[in-house]
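The values are calculated or read from the model by the stated rules, or taken from the named source; none is laboratory data. Fair warning: this is a prediction, and the values are worked out from it, not measured in the lab. Cβ coordinates were reconstructed from backbone atoms using ideal geometry, including for glycine residues, and neighbour counts include every protein chain displayed.
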Amino acid sequence: MPRLEYWFQIENHPWDTAPNGVDRATGENLPRAANGLYRPLPQEALIIRRYTANWASPDDRPINAWDLNEPNPAQTHGTIPGATVEAKVGDEIILHFRNMDLRANLPEAERAHGLHFHGIQHANLADGAFPFAQPDAAQGGRRGDRVRPNETFDYRFTVPHLSTAGVWAYHDGSANAAASIALGAFGAVIVRAGGEGKAMVPATPVRGPNDTPTSFANVPQPPAADEHLIVFHELQGVGDCLNGRQLVGNTPSVLGRLNTRIKFRVLNLTPRAQSFHLHGHRWRRGEDWTDAELVPPGGGFSFEILAGTAEHGGGNGEWAISSATAPGLMGSLVVTEGGMLTLASGKE
């Protein structure tokens with residue numbers, strides 16, 4: 001059984017939910033707050049960040065490499081959702097977790113964290129669900145749901161059969177889990193079935209240094225097979241978000257190429273069901289086809305589309321990602337061959 005090893009760390013940092021400073025739906029340019037951010041959280045976020053072995057240095061990677069709007073994760077000190085765990089059916093996973101929550105003026109007990117993973121198999125002591133996880137004698141009696149600041153814990157999982165394939169949530173499972181999740185302490189686990197490969201990553205950034213949220217000089221050509229992760233969640237003080245962000249021009253605008261296969265993986269970390277609707281496209285659900293899916297709280301699903309195939313209007317262009325249950329929240333799929341790209345703005 002192949003063994004994968006991850007090194008994750010929870011950290012506290014400021015977070016901007018509108019990092020590009022625009023609302024493309026209205027054409028509005030946003031003013032900066034006193035701290036230089038456009039729409040900051042009222043307190044620091046909790047970010048689960050990937051590191052190289054033994055936490056030697058940050059190993060930041062984007063959630064969606066083909067997202068026109070996602071900021072450079074090295075500049076934001078990680079991502080919301082946090083670092084993604086990726087595996088294939090048959091793998092064993094060891095995840096080394098370190099707690100570096102250094103928020104001031106909080107008791108140490110309130111800065112204890114642990115990780116609870118959906119969908120993959122683990123012993124009770126690695127469940128990370130307060131108060132049920134047992135102490136691990138091999139780790140000095142530490143519990144996966146009570147990792148105090150400057151402490152570490154090793155989570156061990158297996159993904160032994162096809163029932164573990166798909167997209168799953170992980171999140172803080174400590175006594176203060178609800179508050180921590182509302183500050184960003186969650187992420188995704190992607191388990192691929194046999195024969196299911198990773199998408200290509202772009203050889204150059206999809207967004208150039210002089211590009212704007214509506215004008216891109218030279219977008220790389222999207223690959224023949226692509227995948228995107230979309231997470232519905234709430235952040236304390238600002239409300240509903242997609243991948244840690246709000247307002248069109250900041251939320252995910254993911255890329256695809258005409259007549260190529262794109263896999264979407266969708267998670268819902270809000271406390272209510274969320275409707276996911278991708279305009280202009282359909283996907284199979286059992287014996288039927290659909291263009292909208294209701295995702296339960298804590299749930300997720302994956303589907304595949306053929307890009308740009310809408311009847312009487314397919315082809316290159318931008319297609320909305322929206323939700324009837326969170327009507328102010330919207331992203332998009334941009335179907336393009338690459339090169340120069342201009343996106344519409346609501347400003348007349």
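Would you check if there is a residue in the range 192-204 being surrounded by 14 or more Cβ atoms within 10 Å (Cβ to Cβ) and either part of a strand (DSSP E or B) or of a type in the set (D, E, K, R) (or both)? Yes, the range 192-204 contains a residue that is surrounded by 14 or more Cβ atoms within 10 Å (Cβ to Cβ) and either part of a strand (DSSP E or B) or of a type in the set (D, E, K, R) (or both). Condition check for Ser332 on (1) assigned to a loop (DSSP other than H, G, I, E, B); (2) buried (at least 21 other Cβ atoms within 10 Å of the Cβ); (3) among the small types (Gly, Ala, Ser): one failure, at (1).
Among the residues of the range 241-293, those that are touching a Lys or Arg at 6+ places or on another chain (Cβ under 6 Å) and not small (Gly, Ala, Ser) comprise Val248, Thr251, Trp289, Asp291.
Only one of these conditions is not met by Pro131: (1) within 23 Å of the chain's Cα centre (by Cα); (2) assigned by TED's automatic domain parsing to the domain that holds Ala65. Which number is it? Of the numbered conditions (1) within 23 Å of the chain's Cα centre (by Cα); (2) assigned by TED's automatic domain parsing to the domain that holds Ala65, the odd one out for Pro131 is (1). Taken over the range 107-131, the criterion of being in contact (Cβ under 8 Å) with a residue 12 or more places away in the chain and part of a loop (DSSP other than H, G, I, E, B) is satisfied by Ala112, Gly114, His118, Gly119, Ile120, His122, Ala123, Asp127, Gly128, Ala129, Phe130, Pro131. Scanning the range 34-46 for residues that are part of a loop (DSSP other than H, G, I, E, B), hydrophobic (A, V, I, L, M, F, W, C) and surrounded by 13 or more Cβ atoms within 10 Å (Cβ to Cβ) yields Leu37, Leu41. For the range 28-41, the condition of being at positive phi, free of Cβ contacts under 8 Å to residues at least 12 places away in the same chain and not hydroxyl-bearing (Ser, Thr, Tyr) holds for at least one residue.
Of Arg265, Arg245, Arg257, all but one fail to be more than 12 Å from Ser322 (Cα to Cα) and in contact with a strand residue (DSSP E or B) (Cβ under 6 Å, 6 or more places away or on another chain); the exception is Arg265.
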